[in-house]
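Trainee: Below you'll find the structure I mean.
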Amino acid sequence: MTSLFSPLTIGDLALPSRIVMAPMTRHRALHGKIPGHLNALHYAQRASAGLVITESTEIDPHSSIDVPTRPGLFNDEQQAGWRLVTGAVHAAGGRIFVQLSHMGRTALPSQLRDDRWPAGPSALAAAGKVYTANGPEPYVEPQALTPAGIAGIVAEFANAAARAKNAGFDGIEIHGANGYLVDQFLRDGSNIRSDGYGGTVENRFRFLREIIGAVKAYWPAGRIGVRVSPTNPFQDMSDSDPVAHFAAIAALLQPLGLAYLHVVAPAIVPEGQADVAPAIRAAFHGPLIVAGGYRREHAEAVLAGGGADLVAFGEAFIANPDLPQRWRSNAPLNAADKSTFYTTDAKGYTDYPSLELVDE
Ligand SMILES: Cc1cc2nc3c(=O)[nH]c(=O)nc-3n(C[C@H](O)[C@H](O)[C@H](O)COP(=O)(O)O)c2cc1C
């Protein structure tokens, strides 16, 4: 029976377990959005995961939010910084994908160069406020992207994918979740376009399909993953029929031969919320990762039942650098300290203790 410790090969990459470190923004890069030794240590400490996925990483200066320590991968310094990280993870025996992202409508005018204005699929502002160094600021109404603007962003994804290769990553994850640009195209609450990028599911999927096509210039399909979050309301996101729409998106991804599809959906579905994972599983037969509040017992159950092939863990990996080893030896877990999730130093980042193994 498949368990968390059953090995799995995705594409041509052999993973020792089904335990994935979920992508997590931690604001610990150097100013200039450049990863450094602290990030290398953090990720290397967690290299025993079957697969490590990095925090959301910006593909160009126009994809940004106002946090100078949120990493990018659009210049040589950032690429060199990520090389430190991948080198450290590989030296520790691990495998690491980078999560490539564009903020779209959730960017801030103050952060964009050249008088650029935040852009999204449609001129619909997200309700609410975004975190900035100067406190919360309301989201602005974005410009609706032109086809030329869309093509430019597709090219930026390809450039970042090329840099990811040069930086030594094992693969890339396209961030299509949590209310950022790709997700803004996929869901009909934020995409009301009437051209070839809106209307039908196939059209809302077109932007993602073009990104996958462009990054394939640098990576085989088996080293490209996609993350989606059909029901996550974060950043004012919604969809009129997440089960049907994302089952259809999963079916469109199915023939592409990707490394994996990564679905953020709650392990325990709240009353009244649609359960999207079974419909996605029925439509997608490649490696499927699920994430969202999974504890060990939920994860073992979903793997044993064939509901997913891998499980990603977020907070548990923040607090337990040696999470697989703890589970193997049935050791207790450290609790995560939320107050240090987005601070900028080593505290709460590289100082969670690993187990002292009795036989060492
Ligand atoms: C501090 C923190 C930062 C996160 N940053 C990202 C991110 O950069 N990209 C992303 O796709 N999800 C991000 N997430 C969501 C996680 O990847 C994961 O889906 C979520 O935490 C649920 O898993 P968990 O219950 O095991 O923590 C973040 C979560 C946390 C706690």
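The values are calculated or read from the model by the stated rules, or taken from the named source; none is laboratory data. It should be emphasised that the depicted structure is a prediction, and the values quoted were computed from it without experimental measurement. Ideal geometry is used to build each Cβ from the backbone, glycine not excepted, and the neighbour counts take in all protein chains shown. Side chains included, ligands, DNA and RNA excluded: accessible areas come from the protein's heavy atoms. Shrake-Rupley method; radii C 1.70, N 1.55, O 1.52, S 1.80 Å.
Trainee: Taking θ = phi - 60°, what integer Hz values does the Karplus form 6.51 cos²θ - 1.76 cosθ + 1.60 yield along the stretch 338-343, in sequence order, with x for Gly and Pro?
Mentor: 4, 5, 10, 4, 10, 7
Trainee: Can you tell which of Val67, Val226, Val263 shows the greatest fluctuation in a Gaussian network model of the chain with Cα springs below 10 Å?
Mentor: Val67
Trainee: Heavy atoms only, probe 1.4 Å: what % of the accessible area of the chain goes to carbon and sulfur, would you let me know?
Mentor: 55 percent
Trainee: Still on this structure, I have one more. Taking the Cα centre of the stretch 172-234 as the origin, how large is its charge dipole in debye, to the nearest 20, when only Lys and Arg (+1) and Asp and Glu (-1) carry charge on their Cβ atoms?
Mentor: 140 debye
Trainee: Follow-up question, since we're still on this one. Okay, helix-only estimate at 222 nm for the chain: each DSSP H run of n ≥ 4 adds -39500 (n - 2.57), divide by all residues, round to 500 deg cm²/dmol; what do you get?
Mentor: Result for the chain: -8500 deg cm²/dmol, rounded to the nearest 500.
Trainee: Still on this structure, I have one more. If you add up the charges near Phe5, with Lys and Arg at +1 and Asp and Glu at -1, over every other residue whose beta carbon is less than 9 angstrom from its beta carbon, what do you get?
Mentor: Result for the local shell: +2.
Trainee: Residue-wise, which Karplus ³J(HN,Hα) couplings in Hz belong to the stretch 304-311, taking 6.51 cos²θ - 1.76 cosθ + 1.60, θ = phi - 60°, and x for glycine or proline?
Mentor: Computed from phi, the couplings for the stretch 304-311 are 4, x, x, x, 7, 9, 9, 10 Hz.
Trainee: Which whole-Hz couplings ³J(HN,Hα) result when phi for each residue of the stretch 47-56 is put into the Karplus expression 6.51 cos²θ - 1.76 cosθ + 1.60, θ = phi - 60°, listed in order with x for Gly and Pro?
Mentor: Once θ is set to phi - 60°, the couplings for the stretch 47-56 become 5, 7, 4, x, 8, 9, 10, 6, 4, 3 Hz.
Trainee: What is the diffusion coefficient of the stretch 253-340 in µm²/s, taking the Kirkwood radius over Cα pairs and the Stokes-Einstein relation at 25 °C with a viscosity of 0.890 mPa s?
Mentor: 172 µm²/s
Trainee: In addition: At 1.4 Å probe size, with every protein chain present, just tell me what the per residue accessible area of the stretch 1-133 comes to in Å².
Mentor: 34 Å²
Trainee: Where is the GNM fluctuation largest for the chain (alpha-carbon springs, 10 angstrom cutoff): Ile289, Ile96, Ile211?
Mentor: Ile211
Trainee: Can you tell me the Rg and the Dmax, both Å, for the Cα atoms in the chain?
Mentor: 19.2, 64
Trainee: Compare Thr200, Thr69, Thr86 in a GNM of the chain, Cα atoms joined below 10 Å, and give the one with the largest fluctuation.
Mentor: In this elastic network of the chain, the residue with the biggest mean-square fluctuation among Thr200, Thr69, Thr86 is Thr200.
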